[in-house]
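Scroll down for the structure; my scribbles are underneath it.
The values are calculated or read from the model by the stated rules, or taken from the named source; none is laboratory data. As the structure is a prediction and not an experimental result, all values here were calculated from the model. When we count neighbours, we look across all protein chains shown, and the Cβ atoms used for this are built from the backbone with ideal geometry, even at glycine. Keep in mind that these areas ignore ligands, DNA and RNA; they rest on the heavy atoms of the full protein, side chains included. Shrake-Rupley method; radii C 1.70, N 1.55, O 1.52, S 1.80 Å.
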Amino acid sequence: MPLRAGIVGCGGISRTHATAYSHLSATDLVAACDIDPSRLRERADQFSVPARYADYGEMLASESLDVVSVCTHAPLHADVACAAAAAGTHVLCEKPLALDLESADRMMRACAAAGVQLAVSHQFRFTPALRMAKEWVRAGRIGNLISVREVGKGRPAGFELMEMGVHFFDELAFFMDGVEWIHARVSYRGREAEVGDIMHSSELCTTDKRDNGMVAGDVMLIHAGGPGGVSGVIELYPRRERQNWIAGPHLVGDAGQLMVKSNPDTHWFELWHCPTDVSFASYTAPWRQIEIPDAALTIEGKTWPGHPSIWSVRDMVQAITEGRPPELGGSGAAQSLECVSAVYESHFNRARATLPLADRRHPLLRRMAGG
């Protein structure tokens, strides 16, 4: 019998979750919830969702759901997840998992106590392009992995850290087999960011209305270290939207390079290989696209080359039906959020921040309060 699935929050990202639940034979999308009636109606009509609610508590109490996707803004993630846990419903939460580690820990405790799974939807690591890149790295096809580089979309860094940055940290952890420490420098208007520069995300980034809580800095350079000596580098800074932005990690080994990128025309994820470890302006070794087999892109008879969320939803659904933890469940669900906190800890302490962090409070709110 298919799992009964629901969605809380019918904004843009909910479409990808709804698409996944509607396509997978192991799930039926039976309920949706949003406080905005027009948004709820649009998404529910699009996917023929029968049960529609303005109150997620009522939905969870009435529908006997097996799994729910939490697609609201980040400040609501913890409350919705804990309510779902109390109703005996597994939780797949959009990123970031929460606004702070205290809230994330509360979510994990509630789900563990209720015996339900909690996972965060860092969908990119599940895509065939990144999976194949990891296979190439493991097989030594670019030699010893030296570094993993990520570059943001071009929004102010404090905002971007909670949007794409959490994805980047997850990808670093995926390729580096974990993140052990963070060393970061945060700037604001050409100088080192100070406590007085902490502000709400809507004040820092006026082009995107998603609520990411309190943030700081418009430029960040972040260095991360993994257990095998591999380095990760994340560069976040403002620039014209989408100007030369390439989605996905740039992997450098001592015998070659790999890059995952989204084709600007098709939006399909592609994998590219360069046989040398460096490229110069006057000479660039030829890059070639690596073919991803159709079989790897196919789920139940349909190919999904540019729709990453179905892969993370499928992992959650399979985890529930197989009785195993999801790949990004348990403490792994909060890993990327912990890296966000570590960025600010490193910057304000002017030192490397080692994970896991002992202090689970929001690092910016704590400093604003004088802590």
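Structure summary
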read-out	value
Theoretical FRET efficiency, 1/(1+(r/R0)^6), r = Cβ-Cβ of Arg39 and Asn349, R0 45 Å, to 0.05	0.60
Heavy-atom surface of the range 254-371, accessible at 1.4 Å and reported per residue (Å²)	50 Å²
Sequence-distant lysines (8 or more away, or on other chains) whose Cα lies within less than 17 Å of Lys134	Lys261
The chain: translational diffusion in µm²/s, Stokes-Einstein, Kirkwood Rh over Cα pairs, 4 °C, 1.567 mPa s	61 µm²/s
Accessible-area composition of the range 157-202, carbon plus sulfur, in percent [1.4 Å probe]	44 percent
Relative contact order, percent, the range 197-343 [alpha-carbon distance under 8 Å, six or more residues apart]	10 percent
Share of Cα-Cα pairs in the range 171-288 lying beyond 25 Å, as whole percent	41 percent
Ranked by how many other beta carbons lie within 10 Å on average, peptides 157-166, 212-221, 350-359 from highest	157-166, 212-221, 350-359
Accessible surface ranking that places the most exposed of Trp272, Trp311 first, with a 1.4 angstrom probe	Trp272, Trp311
Largest to smallest principal axis extent of the C-alpha atoms in the range 1-108, angstrom	37, 31, 23
Nearby aspartates and glutamates by direct alpha-carbon distance to Lys153 (threshold 20 angstrom, same-chain neighbours under 8 apart not counted)	Glu94, Glu163, Asp170, Glu171, Glu203, Asp208, Asp211, Asp218, Glu235, Glu241, Asp265, Glu270
For peptides 222-229, 169-176, 7-14, sequence by mean Cβ density within 10 Å, most packed first	169-176, 7-14, 222-229
Where labels lie 7 Å past Cα in the beta-carbon direction, separation of Arg109 and Arg366 in nm	1.7 nm
Calculated diffusion of the range 229-371, Stokes-Einstein form, Kirkwood radius summed over Cα pairs, 4 °C and 1.567 mPa s, µm²/s	67 µm²/s
Peptide ranges 314-322, 43-51 listed from the most packed, as the mean C-beta count within 10 angstrom indicates	314-322, 43-51
In Hz, Karplus ³J(HN,Hα) per residue of the range 66-81 (6.51, -1.76, 1.60; θ = phi - 60°; x = Gly, Pro)	8, 8, 9, 9, 9, 10, 7, 5, 4, x, 8, 4, 5, 5, 5, 5
Relative contact order computed over the chain (Cα-Cα under 8 Å; 6+ residues apart), in percent	19 percent
Net +/- balance of residues flanking Gln257 in space, Cβ distance below 15 Å, scoring K and R +1, D and E -1	+1
Mean shadow area of the range 130-221, taken as a quarter of the surface of its Cα convex hull (nm²)	7.1 nm²
More than 13 Å apart - percent of Cα-Cα pairs taken over the range 302-362	70 percent
